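Asks: Sharing a structure with you now.
The values are calculated or read from the model by the stated rules, or taken from the named source; none is laboratory data. Note that the structure is a prediction, hence the values are computed from the model and not measured. Cβ: placed from backbone, ideal geometry, glycine included. Neighbour counts: every protein chain shown.
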Amino acid sequence: MTANLPNVDLNQTVCAIATPRGRGGLGVVRLSGPRAIAIADRIFRGQTKLSDAAGYTVHHGLVVDTDSNVEIDEVIATVFRSPKSFSGEDLVEFSAHGGPVILDRILHIMTANGANLAGPGEFTLRAFLNGRIDLTEAEAVADLISAKTDESAAAALKQLQGLLLEEVNEMRSRLLHVLARLEIDVDFTEENIEESEMSDLGTQLDELSNRIGQLLGGYQRGRILRDGFTVVLAGPPNAGKSTLFNRLARDERAIVTEIPGTTRDILREYINLNGWPVCIVDTAGMRETIDIVERIGVERTTAAVGAADGVIWLIDPSADWTKQLPVNEIMEADIPTIVCLNKSDLVPDADSLIRQIQTDIQAHKTNGEIRFIAMSAKTGEELESLLGVVSEWIARLGIDSHEAEIAINERHRAALVSAQSSLASARSTLNSGGESELVAFDVQAAATSLGEIIGETTTDQVLGEIFGNFCIGK
């Protein structure tokens, strides 16, 4: 179901717990809106009235239940005044002890005194609606919160600091300059554009199209930094997939037994591989089965393989390896694959066996790269070789972690592709000597597409999809 724009009334004051649920040393309850400071003042007892406090000041005191006059917790109140707050509104944050009972009680007292509960991402949405941030910076807030590696966090921070906004604004400014000149030609026929000036306009369109192409080059980088490079562990039951999964995750996440078919569902864990987040996916063993639950697991495995960036297919040498070869979904797909002879510590001549397997599989593999490794998930032997191949897969994408390219997301990519298409159409019309009005139409369309990236021309539906994925309290 498509999300709708949250029902935000900027005349209302909203509140939410801004820290994760659970027990902790500290918990933060946030209050934002036109009555934020007045409501905070009613429930706060300290040496300073918060209504008299300047912005960016911190005050020690107590939160008090205004109905019973019972003291709830000793807190630190931080006051931010509009427009210099995260949301662009008056905002107060109470840092309290991080027990869920205490935080819920403070939240209840705020609502009893006139605040409404905030929706998902509402504080960030208010910041956007109040002009405090643009849409790319709002997305960067979510990316920064969910960053899985230092590289992911660094990319999100660049976007939060306005790197993409700056690029888009510069391109839109140049497009609007071109558009203005074209419209003069349309409105005032006596002001015909000279051939040399028309050539200059074409050069500008080419330069902008090339820059869009460079930005599009950051899509794969952004996708992997946000979602991870997905590697699926697949193979027959009892081949050691869960053992390898646990070793890579450095945790006993998956149940490991000698009983084939133990894993019934998909498990995911992110690891940091040279700064890149890699999503390791443990799957059900692939085999024919009459067990309905296991069969559903096998179907999910097949789907996971189809969506993977790479596959590690494990073979158990204690059983007949000729019956454990990769399934057609792998043999026929353009998915980089490692065939891994697991439990090599139990095989007298693992190298000879892996060469036999390699000869057989390469004779039948019709598409995609395939590599072969003999290793032991139990002991960790040759684990580094396995990870080295995955690193090579990532490197081949041309997304070196030290590149300065902006890590765009799918929404940005779609808007950039649309803008580039409009510029190509404008250039074609220009080359063929077409009417300036037609060129202007395509240039305007390109500017509109770029405006979608930063939220200048974005629909409520898109805003709903973006902010609906935020957590409550952000």
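Asks: Consider residue 126 carefully, then state whether it is surrounded by fewer than 22 Cβ atoms within 10 Å (Cβ to Cβ) and either within 14 Å of residue 474 (Cβ to Cβ) or of a type in the set (Lys, Arg) (or both).
Replies: Spelling it out, it is not the case that residue 126 is surrounded by fewer than 22 Cβ atoms within 10 Å (Cβ to Cβ) and either within 14 Å of residue 474 (Cβ to Cβ) or of a type in the set (Lys, Arg) (or both).
Asks: Quick one: in region 48-100, of everything that is of a type in the set (D, E, K, R) and under 23 Å from residue 137 (Cβ atoms), which residue is surrounded by the fewest Cβ atoms within 10 Å (Cβ to Cβ)?
Replies: If we take residues in region 48-100 being of a type in the set (D, E, K, R) and under 23 Å from residue 137 (Cβ atoms), then 84 is surrounded by the fewest Cβ atoms within 10 Å (Cβ to Cβ).
Asks: Here is a further query. Among all residue pairs at least 6 apart or on different chains, which show Cβ distances below 8 Å where the first residue, located in region 330-341, is in contact (Cβ under 8 Å) with a residue 60 or more places away in the chain and the second is surrounded by 18 or more Cβ atoms within 10 Å (Cβ to Cβ) and among the hydroxyl-bearing types (Ser, Thr, Tyr)?
Replies: Hits for this filter: 330/337.
Asks: Let me ask something else about it. Give me a count of the residues in region 60-94 that are part of a strand (DSSP E or B), of a type in the set (D, E, K, R) and in contact with a helix residue (DSSP H, G or I) (Cβ under 7 Å, 6 or more places away or on another chain).
Replies: Of the residues in region 60-94, 1 are part of a strand (DSSP E or B), of a type in the set (D, E, K, R) and in contact with a helix residue (DSSP H, G or I) (Cβ under 7 Å, 6 or more places away or on another chain).
Asks: Could we say that residue 262 is surrounded by fewer than 21 Cβ atoms within 10 Å (Cβ to Cβ), among the hydroxyl-bearing types (Ser, Thr, Tyr) and either at pLDDT below 80 or assigned to a strand (DSSP E or B) (or both) here?
Replies: The answer is yes for residue 262.
Asks: Quick check, is residue 33 in contact with a helix residue (DSSP H, G or I) (Cβ under 7 Å, 6 or more places away or on another chain), surrounded by 18 or more Cβ atoms within 10 Å (Cβ to Cβ), touching a residue at least 24 places away in the same chain (Cβ under 8 Å) and small (Gly, Ala, Ser)?
Replies: Taking the combined requirement at face value, the residue does not satisfy it.
Asks: Inside region 343-389, can you point out the residues that are of a type in the set (Gly, Ala, Ser), assigned to a loop (DSSP other than H, G, I, E, B), more than 18 Å from residue 241 (Cβ to Cβ) and out of contact with any strand residue (DSSP E or B) (no Cβ under 9 Å at 6 or more places or on another chain)?
Replies: 363
Asks: Name the one entry in 302, 337, 243 that is at pLDDT below 85, among the β-branched types (Val, Ile, Thr) and not assigned by TED's automatic domain parsing to the domain that holds residue 156.
Replies: Of the residues listed, the single one that is at pLDDT below 85, among the β-branched types (Val, Ile, Thr) and not assigned by TED's automatic domain parsing to the domain that holds residue 156 is 302.
Asks: Please specify each residue of region 415-458 satisfying the condition of being among the acidic types (Asp, Glu) and either in a helix (DSSP H, G or I) or within 14 Å of residue 171 (Cβ to Cβ) (or both).
Replies: Result: 437, 442, 452, 456.
Asks: Quick test of your reading of the structure: residue 88 fulfils all but one of (1) free of Cβ contacts under 8 Å to residues at least 40 places away in the same chain; (2) on the phi > 0 side of the Ramachandran plot; (3) small (Gly, Ala, Ser). Name the failing condition by number.
Replies: The failed condition is (1).
Asks: Still on this structure, I have one more. Output the number of residues of region 49-69 satisfying the condition of being hydrophobic (A, V, I, L, M, F, W, C), over 16 Å from residue 97 (Cβ atoms) and free of Cβ contacts under 8 Å to residues at least 40 places away in the same chain.
Replies: Residues that pass the stated criteria total 3.
Asks: Name the pairs: first residue in region 417-436 and more than 16 Å from residue 179 (Cα to Cα), second residue among the small types (Gly, Ala, Ser), Cβ to Cβ under 6 Å, at least 6 apart or on different chains?
Replies: 418/449
Asks: In addition: Return the pair list, or none, for Cβ contacts closer than 6 Å from residues in region 201-227 that are over 16 Å from residue 175 (Cβ atoms) to residues that are in a helix (DSSP H, G or I) and of a type outside the set (Asp, Glu), at least 6 apart or on different chains.
Replies: Once the first residue is over 16 Å from residue 175 (Cβ atoms) and sits in region 201-227, its partners that are in a helix (DSSP H, G or I) and of a type outside the set (Asp, Glu) give 216/416; 219/413; 225/152; 225/155.
Asks: Here is a further query. Does region 451-466 contain any residue that is farther than 21 Å from residue 222 by Cα, small (Gly, Ala, Ser) and surrounded by 21 or more Cβ atoms within 10 Å (Cβ to Cβ)?
Replies: no
Asks: One residue is enough: does region 305-320 have a residue meeting the conditions among the β-branched types (Val, Ile, Thr), touching a residue at least 12 places away in the same chain (Cβ under 8 Å), over 24 Å from residue 388 (Cβ atoms) and assigned by TED's automatic domain parsing to the domain that holds residue 356?
Replies: No, every residue in region 305-320 fails to be among the β-branched types (Val, Ile, Thr), touching a residue at least 12 places away in the same chain (Cβ under 8 Å), over 24 Å from residue 388 (Cβ atoms) and assigned by TED's automatic domain parsing to the domain that holds residue 356.
Asks: Now for a separate question. Can you confirm whether region 343-362 contains a residue that is at pLDDT 85 or above, farther than 20 Å from residue 376 by Cβ, touching a Gly at 6+ places or on another chain (Cβ under 9 Å) and surrounded by 12 or more Cβ atoms within 10 Å (Cβ to Cβ)?
Replies: No, that holds for no residue.
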